[in-house]
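Notes for the one structure printed next.
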Amino acid sequence: MEATEAKMKEIVQEKWQKRPLIISGPCSAETRDQVVETAVRLHKTGKVDMMRAGIWKPRTRPGSFEGIGAKGLPWLQEAKKLTGIPVAVEVATGKQVEDALNFEVDVLWIGARTTVNPFSVQEVADALRGVDIPVLIKNPINPDLELWIGAVERVAKAGIKQIGLIHRGFSSYGNTEYRNAPMWHLAIEMKRRNPGMLIINDPSHICGRRDILQEVAQEAIDLDFDGLIIESHIDPDKAWSDAKQQITPEKLGEMIGSIRWRKEDIASEEYHAAMEKMRQQINQLDDELLQILGQRMKVADKIGQYKKENNITILQTNRWNSILERAYGKGEKLGLSKEFITKYFDAVHMESINHQNKILNS
């Protein structure tokens, strides 16, 4: 299976263009045998395009397993030669970039804890100058789209042409359903701002547990993500890190095989005619909503003027609670979730407060 360096570059380019792109492998490289066996078993599934493995593991608190270090890189090199599967590694420093390149790692990714720090991203970007290698960039831990965009810009300015995104969810205080809240709207906005850029989903880090991996993976594919990066291990329950979110290579193959892969579009004239008709209806309704919201703000302006003349505070908590309770009741009958009603009315309320604040302080 061993390929020349030039041939491997061709394979990597081919995989990078493939849709869906499937990346899998252990959270952490632990031993030589574990890495090689994982690669062989992933290769047998016929579902995996690239193998990932954590070599350096940035952890929240000291004392946790922080990766096997550079001594694990030859194991990945051996696994690649044995199976022909390109390998990907997370890097957080210039030295890690250098070590990974010395052992012919094919794809690098910048992790969430690095993306959150522009100085660290810049150090990695500087180490990549003059290098022709695909780089994936995970969203930052905190829900800050500008940090994610900034990381992309820094890597692009270093001359990297092939940049992709990994949506791995965001830290959310008190969240219990997911390890990291998906916050799909942020990933969708990032996709909108970077049309044509590869974006794959990381169900493992979003879920934190294996029982809901398929559900999240399917949602990502339904949202037109370009692929998935999922952690797999030969014996997940005995993994040295993130055991609960890993699955066996065989289970991974089953999961990928059972996902319903959607098309972005079809060429049928009937389909396009039907979609255009419904989209025009959406456009008309959106225009009407904007007109109504504009009228609502004019009423809010009048209320603001009245409050100013009578020296009354902007926020009226009891009134706001009454509006929400009324909206919840009506929204439920219209098939609108409580979560949506809350987000929508919060946005409308803040706009109303801003209008009234300008009037009170003009």
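Using a Gaussian network model of the chain in which every pair of alpha carbons under 10 angstrom is joined by a spring, one finds that among 151, 88, 274 the greatest mean-square fluctuation is at 274.
Shape class of segment 269-360 from the alpha-carbon gyration tensor: oblate, with a/c at 1.5 or above and b/c at least as large as a/b.
For segment 189-281, GluC sites (Glu not before Pro) are listed when DSSP marks them as loop and at most 15 other Cβ atoms sit within 10 Å of their Cβ; the list is 264. The helix-based estimate of mean residue ellipticity at 222 nm for the chain, built from -39,500 (n - 2.57) per DSSP H run of four or more residues and divided by its residue count, is -17000 deg cm²/dmol to the nearest 500.
Build a GNM of the chain with springs between Cα atoms under 10 Å apart, and of 63, 94, 46 the one that fluctuates most is 63.
Comparing 50, 255, 297 in a Gaussian network model of the chain (Cα springs below 10 Å), the most mobile by mean-square fluctuation is 297. Only the Cβ atoms of Lys and Arg (+1) and of Asp and Glu (-1) were treated as charged; on that basis the dipole of segment 1-114 about its Cα centre amounts to roughly 400 debye. Take every Cα pair under 8 Å whose residues are at least 6 apart in sequence, average their separation, divide by the length of the chain, and the relative contact order is 13 percent.
Taking the DSSP beta bridges with both ends in the chain, the antiparallel portion is around 5 percent. For residue 263, the aspartates and glutamates whose Cα falls under 19 Å of its own Cα, not counting residues fewer than eight places away in the same chain, are 215, 219, 222, 224, 226, 276. Think of the chain as a dipole: +1 on every Lys or Arg Cβ, -1 on every Asp or Glu Cβ, centred on the Cα centre; then among 218, 247, 182, 182 lies furthest on the positive end. In terms of surrounding Cβ atoms within a 10 Å radius of their Cβ, 340, 225 rank from fewest to most as 340, 225.
On the beta carbon distance between residue 301 and residue 326, with R0 = 22 Å, the FRET formula returns roughly 0.50.
Restriction of the trypsin sites (Lys or Arg not before Pro) in segment 160-200 to DSSP coil positions whose beta-carbon has at most 12 other beta-carbons within 10 angstrom yields 161. Looking at segment 254-362, which trypsin sites (Lys or Arg not before Pro) are in a loop (DSSP not H, G, I, E or B) and have at most 12 other Cβ atoms within 10 Å? Taking segment 254-362 and a limit of 12 other Cβ atoms within 10 Å, the loop trypsin sites (Lys or Arg not before Pro) found are 260, 262, 263. Within the set 95/138; 95/238; 80/157, which residue pairs have Cα atoms separated by over 23 Å? Distance filter (> 23 Å) returns 95/238; 80/157. Shape summary of segment 202-253, radius of gyration then Dmax from alpha carbon positions: 10.8, 34 Å.
Bear in mind these aren't lab numbers, they're just calculated from the coordinates by the rules spelled out. On a predicted model such as this, the values are computed, not experimentally measured, just so you know. Here Cβ is always computed from backbone atoms with ideal geometry, including for glycine, and neighbour counts include all displayed protein chains.
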